[in-house]
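Have a look at the structure below before the remarks.
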Amino acid sequence: MEEMDQEFVIKTSKKKIIAIILIIIFSILSLSGIIFYNFFVNVTSSSKFLDTLSIKLTDFSSDLLENIYDIEMFDDIDKTYGKQTGNIVLNSKENLSDYKINYEMSFNNSLQMSLYLNLLEQDKSLLDGTIYLDDDIYLMIPSLYDKYLKLDSLNKETLKENKDYLIKTKDLQKLSQSLINYSFEAFKECSSNSKNLNFQEIKYTYELTTENIPKIKEKYKELITKDMKLEETDISFPITLREGKVEMIVNRFTKKITKIEITSNDKKIKINQVKNNKYNIASATLNATLEFLNDKLVYKKYEKNEVVETLEINKIDSGLELIEKTKDINFKITLKEVSDSKLRLALTISDFENDIKIDLDGDILKLAKNKYNTKFLTNLKVSKEEYDFTLESEILYGETLNEEIDFTNNISINDLSDTEKQTIILNLIKKLEESKLLNSFVKETNQAL
């Protein structure tokens, strides 16, 4: 009996040892399989990785700009025709408080735009004129000259493309997502490959050549045109493409980029991950950082280890804030939705070089489907002088607001004769002499001459 028990114990022990050995072998094989899968099989293709990047950037932009996407007060307006009328009143300075500027700005679906300005002193018109944008830029001031003065030419096709794009893409979120998605989809037309560097990293290479750059542009145009249903338009790829190479090193498991190197015409830009969501950008002429946070995007440019330029996009409660700082200029704009029919806008510009500061704060009110009112209080500081303005306007949209204008009665400003130029100057002096304040300025100028 004792021998049988001993034999049973020995057999049981052998079974345990065999089981342990089998478990170890199975674990080793499983681990080997995992290693094999991750190193040789689980390699996202260079083309598929562009899809991953597109999704990540789309998600980030959607989250950052979420509050702007949710603003609905402009969703139902007819953007094909419009007219804005308003006035600018100076609230301070006794010698200037009698002055006011009335204006009217309008545009139509033929891409004709106009801005009418009327300078008043004690509610009496001193000087009025209109700037027109058609195929060319025209100026009409009836009291100075009886023809349209042609100032310059415009690239109307570019204006048409941009206007059509915005009009037919009223969904801002769809617009931004399309720009990202179709850019990456088109970029697949370039030559690319992927390579294992080690257990953790994969290297993706994308080459731009004279052969595939036109294909990328054409593919992008095809995708945008098909989606937005635009006709006879030329939507260009959002960035300039040059011959070169883009190399990215990516963490196999997190799919995060750790390094990027862009080479073009013997010039290199290196982007290295320095923190989880922070990257350093370096080239022969640039040293900068770019940081992606949940509610913020921050770009900083450095010179001799000092920050010389900062750009921030901040997500705030029901709005968005954009801040730009340089050595010479600070710029800040805040857009916030107060309600479904009220939008608050605040703007500050500081020009340190010229000692100028502008503060603007006010509201845009939706009164009806195609009707809005705006009122902004503006403070202007120039050196030690300070001025307060009130800007009020009414904005109307609708297809019957503006008729097309005939500019056949025009002359290029470069073709004016000396006599015609002299006539314009003399007429201007006469108009200025009608003003109490400006008359003294004209006299002082004449005495100085």
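The values are calculated or read from the model by the stated rules, or taken from the named source; none is laboratory data. This structure is a prediction, so every number in the text was calculated from the model and none was measured. Here Cβ is always computed from backbone atoms with ideal geometry, including for glycine, and neighbour counts include all displayed protein chains.
Here are some notes:
- Test: residue in region 419-429 that is hydroxyl-bearing (Ser, Thr, Tyr) and in a strand (DSSP E or B): no
- Verdict on residue 350 being in contact with a Lys or Arg (Cβ under 6 Å, 6 or more places away or on another chain), in a strand (DSSP E or B) and either under 24 Å from residue 280 (Cα atoms) or of a type in the set (Ser, Thr, Tyr) (or both): yes
- Residue in region 59-72 that is crowded, with 16+ Cβ neighbours inside 10 Å, at pLDDT 75 or above, part of a strand (DSSP E or B) and not small (Gly, Ala, Ser) present: no
- Filter result for the condition that a residue is modelled with pLDDT under 85, in contact with an Asp or Glu (Cβ under 9 Å, 6 or more places away or on another chain) and over 28 Å from residue 423 (Cα atoms), over 152, 136, 98, 76: 98
- Unique match (being hydroxyl-bearing (Ser, Thr, Tyr) and modelled with pLDDT of 85 or more) among 114, 125: 125
- Only one entry in 295, 355, 361 is modelled with pLDDT of 90 or more and surrounded by fewer than 16 Cβ atoms within 10 Å (Cβ to Cβ), namely 361.
Here is a yes/no grid of residues against (1) within 30 Å of residue 388 (Cβ to Cβ); (2) surrounded by 14 or more Cβ atoms within 10 Å (Cβ to Cβ):
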residue: 266; (1), (2): no, no
residue: 288; (1), (2): no, yes
residue: 322; (1), (2): yes, yes
residue: 328; (1), (2): yes, no
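- Checking each residue in region 185-223 for being surrounded by 15 or more Cβ atoms within 10 Å (Cβ to Cβ) and aliphatic (A, V, I, L, M) picks out 186, 202, 208, 213, 216, 223.
- Any hit, region 362-384, residues being among the hydroxyl-bearing types (Ser, Thr, Tyr), over 20 Å from residue 330 (Cβ atoms) and assigned to a strand (DSSP E or B): yes
- Total residues in region 155-209, condition assigned to a loop (DSSP other than H, G, I, E, B), among the acidic types (Asp, Glu) and at pLDDT 90 or above: 1
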